[in-house]
Amino acid sequence: MKPVNQKAWLLILPVVLCVAFSAVLPLMTVVNYSVQDIISPERRVFVGTEWFKSVMRDDDLQGALWRQMVFSLSVLLVEIPLGIALALGMPAKGARSSLVLVLLAISLLIPWNVVGTIWQIFGRADIGLMGAALKGLGLEYSYTGNPTHAWLTVLLMDVWHWTPLVALLCFAGLRAIPDAYYQAASIDGASKFAVFRYIQLPKLRGVLMIAVLLRFMDSFMIYTEPFVLTGGGPGNSTTFLSQYLTQKAVGQFDLGPAAAFSLIYFLIILLLCFILYNWMQRVGTADKGPGHE
Amino acid sequence: MARIDLDLAHAYRPKPKGDDDYALLPLKMTFDDGGAYALLGPSGCGKTTLLNIVSGLVTPSTGRVRFDGVDVTAQSPQQRNIAQVFQFPVIYDTMTVAENLAFPLRNRGVAADKIKQRVGKVAEMLELSAQLDARAAGLAADAKQKISLGRGLVREDVCAVLFDEPLTVIDPHLKWQLRRKLKQIHHELKLTLIYVTHDQIEALTFADQVVVMTRGRAVQIGSASELFERPSHTFVGHFIGSPGMNFLPARRNAAGFEVAGCRFAAPPGVSREIEAFTLGIRPEYVALAGPDVAGAVPATVQQVQDIGTYWLVSARVGAGSTQSLVRLRLGGGAQTVPRVGEAVWLGLIGAHTCYYADEHLIEEATPR
């Protein structure tokens, strides 16, 4: 047998150390908390899967999870088509294009908590532009009093904040399509819709996948904006998963259940991303038509 | 199928002033119905612009494009009913080969059974029948390029098929196959084909008529042998052939003219008013000669290269201001090959010698 050169281990050592300190050790701490009852720094009891069971039975958590799913799905359903439409409508080159790009990127540059504050004021019926305008139209709008209004305002805020990201990604994707495709389509007599359906959309698949995953993960972890805007209320109507988690871990200092829930949260995101990714990989690349082997 | 007449000029920027502002200088050209043409020239000479004007992707800034006498300048590519194959294969990724081929017909609302029949026929012609149900995205570059061509050929009434350097991304050994396929299709369908390339071998083997272009100007239109034997512009002599034509400055004197310090009788056809002109001769036609041979010039060998099937010899003729480098090809046979530094005599003046004034060929048939 050939002697194995063990020096290769040295080469991967830096990466192993980095990953260990940045990811594995913190994660193991959480795992550690999730299976113990920490009574005081000196006293701790191993409780097995007890925290996981109790967390899964928690009605508030199930409510937050359900709210979160609907919210993230709504975010994707609104922001992705809207982002594509914006990108298609943007001027392709010249000074106007640069100007539109800058204007579009503004909302992306604003810190999360400022976004929350902006919308908090924007939606106020007494001094806010939107709140006052809706009131003027005779609508009884109140994001602090009406759960539906609060939920819609958070969604609208997220759409305002993050649709430009989707649009910018799509814009970059569209610019990467060589002119020859449009020329060939015009020679083949393709309609505007056919150009979109058979050239632009397939060529955007890569950036759309990134956009969907980014927006899904981000919206699933949304915290700051609704916290600033509504504080999770009225009632629990805008309490999403991360805010619920924070309440548990920081507010009530239930480290065990919070750790157990963190792990479940992490696995949910991982699982949903995995499903989304695989589904999007398959869309548009699967062989279609009968009789193909 | 159509005869295409061009009478136009094009500039990409508005209000062109000098010649440099034009992508295409004013030109008149006719592509006959059923002919195979090549537009040949270096990068940036305007050949792709010309092609895009024919297809309708670019509208000429002045002038007209006519198909069979009908003005189509304002018509879209679809209305003109032309097909174009691009440098990089353009296929619709999400479709199968059959759907790709059917796409132009579907857009034009052709009946389903008719589409099926045409797609089957074209696929057979292009040897794509076995892959009809495969996804087009997974195929090799040459198959994709065949699909691009096929999308043009499915339309029975297509006016012309245009090619914009279609073999650039194809492996060398497949280039020959595809080119032969194109030839065969041209024979079968008698379509008007226009082929843009910067590769002279591709142009000369593909086309009946080659249009040589440089700096927005079509300098000569002719068959391969015309371009080789009688280049009508020094650029053609220089661009066609490997290596290109030798050019030597010549000056008229009392008895005849002088080249590289040697005197010769005036060639027929070169009018007496032309003081200075240029003599051009292909490396293939320069022969090693003796001092007693008419039209021979003394030279010193500078370099000898073995190119496999022939020897490429570079020799210096003349001295001082009239000094120039002449290249000649010697067959790889049993000839004696001169050594570097050896003094030789080169036969420069003969039946194959062309004379140029102001870059243009002086036609012999114009005695005054």
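The values are calculated or read from the model by the stated rules, or taken from the named source; none is laboratory data. Worth saying up front: this structure is predicted, and the values here are computed from it rather than measured. Virtual Cβ from ideal backbone geometry, glycine too; neighbours counted across all protein chains shown.
Some notes on this structure:
- Tallying residues that are more than 15 Å from B:GLY150 (Cα to Cα) and part of a helix (DSSP H, G or I) within segment B:109-126 yields 3.
- Exactly one residue out of B:THR197, B:THR205 is under 26 Å from the mean Cα position of the chain (by Cα), farther than 18 Å from B:GLU363 by Cα and surrounded by fewer than 21 Cβ atoms within 10 Å (Cβ to Cβ), and it is B:THR205.
- Any hit, segment B:279-290, residues being over 19 Å from B:ALA351 (Cβ atoms) and touching a Pro at 6+ places or on another chain (Cβ under 8 Å): no
- Single condition B:GLY320 does not satisfy, out of (1) under 17 Å from B:PRO249 (Cβ atoms); (2) touching a residue at least 24 places away in the same chain (Cβ under 8 Å); (3) loosely packed, with under 13 Cβ neighbours inside 10 Å: (2)
- Residues that are touching a residue at least 12 places away in the same chain (Cβ under 8 Å) and either under 20 Å from B:ILE115 (Cβ atoms) or among the charged types (D, E, K, R) (or both), drawn from segment B:125-144: B:MET125, B:LEU126, B:GLU127, B:LEU128, B:GLN131, B:LEU132, B:ASP133, B:ALA134, B:ARG135, B:ALA136, B:ASP142, B:LYS144
- Close pairs (8 angstrom Cβ cut-off, 6 or more residues apart or separate chains): more than 10 Å from chain B (Cβ to nearest Cβ) in segment A:189-200, surrounded by fewer than 16 Cβ atoms within 10 Å (Cβ to Cβ) and at pLDDT 90 or above anywhere: A:PHE196/A:LEU88; A:GLN200/A:LEU88; A:GLN200/A:ILE177
- Looking only at segment B:208-232, and only at residues there that are free of Cβ contacts under 8 Å to residues at least 24 places away in the same chain and assigned to a helix (DSSP H, G or I), the one that is surrounded by the fewest Cβ atoms within 10 Å (Cβ to Cβ): B:SER225
- Being at pLDDT below 90, within 23 Å of B:LEU57 (Cβ to Cβ), assigned to a helix (DSSP H, G or I) and not hydroxyl-bearing (Ser, Thr, Tyr) holds for only one residue in A:ALA92, A:ALA180, and it is A:ALA180.
- Segment A:229-267, subset in contact with a Phe, Trp or Tyr (Cβ under 8 Å, 6 or more places away or on another chain) and β-branched (Val, Ile, Thr), residue surrounded by the fewest Cβ atoms within 10 Å (Cβ to Cβ): A:THR246
- Residue identified as touching a strand residue (DSSP E or B) at 6+ places or on another chain (Cβ under 9 Å) and either in contact (Cβ under 8 Å) with a residue 12 or more places away in the chain or among the aromatic types (Phe, Trp, Tyr) (or both) among B:ILE194, B:ILE147, B:ILE170: B:ILE194
- Selection from segment B:127-164 of residues that are outside any helix (DSSP H, G or I), crowded, with 21+ Cβ neighbours inside 10 Å and away from chain A (no Cβ under 11 Å): B:LEU128, B:CYS159, B:ALA160, B:PHE163
- Taking segment B:1-108 and the strands (runs of 3 or more DSSP E) fully enclosed by it, the elements with 2 or more residues that are surrounded by 22 or more Cβ atoms within 10 Å (Cβ to Cβ) and within 9 Å of chain A (Cβ to nearest Cβ) are at B:83-85.
- Filter result for the condition that a residue is out of contact with any strand residue (DSSP E or B) (no Cβ under 7 Å at 6 or more places or on another chain) and assigned to a loop (DSSP other than H, G, I, E, B), over A:PHE261, A:PHE253: A:PHE253
- Selected residue (criterion: surrounded by the most Cβ atoms within 10 Å (Cβ to Cβ)) from residues of segment B:179-188 that are out of contact with any strand residue (DSSP E or B) (no Cβ under 9 Å at 6 or more places or on another chain) and free of Cβ contacts under 8 Å to residues at least 60 places away in the same chain: B:ARG179
- Residue match in segment A:236-252 (condition: on the phi < 0 side of the Ramachandran plot and within 14 Å of chain B (Cβ to nearest Cβ)): no
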